[in-house]
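Only one structure is covered here, and it is reproduced in the block below.
The values are calculated or read from the model by the stated rules, or taken from the named source; none is laboratory data. Please read all numbers here as calculations on a predicted model, not as lab measurements. Glycine gets a Cβ as well: all are built from the backbone with ideal geometry, and neighbour counts include every protein chain shown. We work out accessible area using only protein heavy atoms, side chains counted, and drop any ligands, DNA or RNA first. Shrake-Rupley method; radii C 1.70, N 1.55, O 1.52, S 1.80 Å.
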Amino acid sequence: MDLNGERGNLAQVQHVVLVLSGKGGVGKSTLTTELALALRHAGKKVGILDVDLCGPSIPRMLSVGRPEVHQCDAGWVPVYTDVNKSLALMSIGFLLENPDDAVVWRGPKKTALIGQFVSDVAWGELDFLLVDTPPGTSDEHLAVVENLRKHKVDGAILVTTPQAVSTGDVRREITFCRKTGLRILGIVENMSGFVCPHCSECSNIFSKGGGEELAKLTGAPFLGCVPLDPQLSSCVEEGRDFIQAFPDSATFSSISHIAQAVLTSTEAA
């Protein structure tokens, strides 16, 4: 059997990782972006597949604008963020005529586009493909998992904030992963404390430790905490590379630690 032919446009992708959250607003797309940048700084070629169809924010976070998507013999050509083509992106944000257009689609149309995104994007050689999903456990998630069945999916990273209302939703995401046979690479606790922009002290304006406690209760690995950091927020808003701009910050250290944990976990699989 020709496994490369069977895997199509993902034949040269070494690792596929889903980024999930049970709840919106927990910073899942931000974490996907920063993890991709951290992996790129570690010398990896990375792609991001943005299937958050109703809220495609990653093009802005990577400051790529709204370029025209081109076709090649193998399918859609992803948008590259740098001349070295070390970070590639495909998002519905590139396909909308107007950036303010709402995606008012029923499930079957969303499912069909996700199928196209999985099969028809010519990624070429990648070390990692990160799949940024919408919050919840709905049609889009089933479509992603089902369309990736014939490919080697390394697993999922689950993003939560420390509060019980968020960790409760992530419990349901854990159940989803177990029902669909998706390996859990680990849980990340985002917005874990607030880094003062003046003295860099980290204060727990929310609760703290909810994600780590959830990992212990469910037996899932805990990948680490990322604080609320105004420097990170401004970089995301302006499309700047936080990893490059603030290499000495505690937040940089947290993100790098998570990226290293993902590298270790996927290489051991």
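When we measure straight from the Cα of residue 45, which lysines land under 20 angstrom away, once same-chain ones fewer than 8 places off are left out? Those lysines meeting the cut-off are 85, 152. Looking at the stretch 1-126 alone, DSSP beta bridges between its own residues are antiparallel in about 35 percent of cases. Who wins for biggest fluctuation among 155, 55, 22 in a Gaussian network model of the chain, springs between alpha carbons below 10 Å? With Cα springs under 10 Å in the chain, the top fluctuation among 155, 55, 22 is at 55. Using Cα pairs closer than 8 Å and at least 6 residues apart in sequence, work out the relative contact order for the chain, in percent. Relative contact order, the chain: 24 percent. Distances between placed amide hydrogens fall under 5 Å for residue 48 paired with 88, 89, 90, 130, all partners being 5 or more residues away or on another chain.
Surface composition of the chain: carbon plus sulfur atoms hold 50% of the accessible area, using a 1.4 angstrom probe and ignoring ligands, DNA and RNA. For q values of 0.12 Å⁻¹, compute log₁₀ I(q)/I(0) with the Debye formula on a Cα-only model of the stretch 1-156, without solvent. Ignoring solvent entirely, the Cα scatterers give -0.46. For the stretch 104-236, a Kirkwood hydrodynamic radius built from all Cα pairs, placed in the Stokes-Einstein relation at 25 °C and 0.890 mPa s, yields a translational diffusion coefficient of 147 µm²/s. Counted by Cβ distance under 10 Å from residue 14, the other residues give a net charge of -1, where Lys and Arg count +1 and Asp and Glu count -1.
Accessible area per residue (1.4 Å probe, heavy atoms of protein chains only) ranks 207, 86 as 207, 86, with the largest value leading.
Measuring with a 1.4 angstrom probe and ignoring ligands and nucleic acids, residue 109 comes out at about 110 Å² accessible.
For residue 76, the residues whose amide H sits under 5 Å from its own are 121, 122, ignoring neighbours fewer than 5 places away on the same chain, with H placed 1.01 Å from N. Largest GNM mean-square fluctuation among 29, 192, 203, using the chain with Cα springs under 10 Å: 203.
Both radii come from the Cα set of the chain: Rg as radius of gyration, Rh as Kirkwood radius; their ratio Rg/Rh reads 0.94.
Under 5 Å from the amide H of residue 22 lie the amide H atoms of 136, 159, 170, each residue being 5 or more positions distant or on a separate chain, with H modelled from the backbone and absent for Pro and chain starts. With a Förster radius of 30 Å applied to the C-beta separation of residue 200 and residue 268, the computed FRET efficiency comes to 0.30. Solvent exposure of the chain, expressed per residue, is 45 Å² of accessible area, with all protein chains present and a 1.4 angstrom probe. Indicate, rounded to the nearest 5 percent, the antiparallel portion of the DSSP beta bridges found entirely in the chain. If I count the DSSP bridges inside the chain, around 15 percent turn out antiparallel.
Volume per residue for the stretch 146-223 equals 106 cubic angstrom (convex hull of Cα atoms). For the stretch 180-250, the alpha-carbon coordinates run over 41, 25, 19 Å along the three principal axes, in decreasing order.
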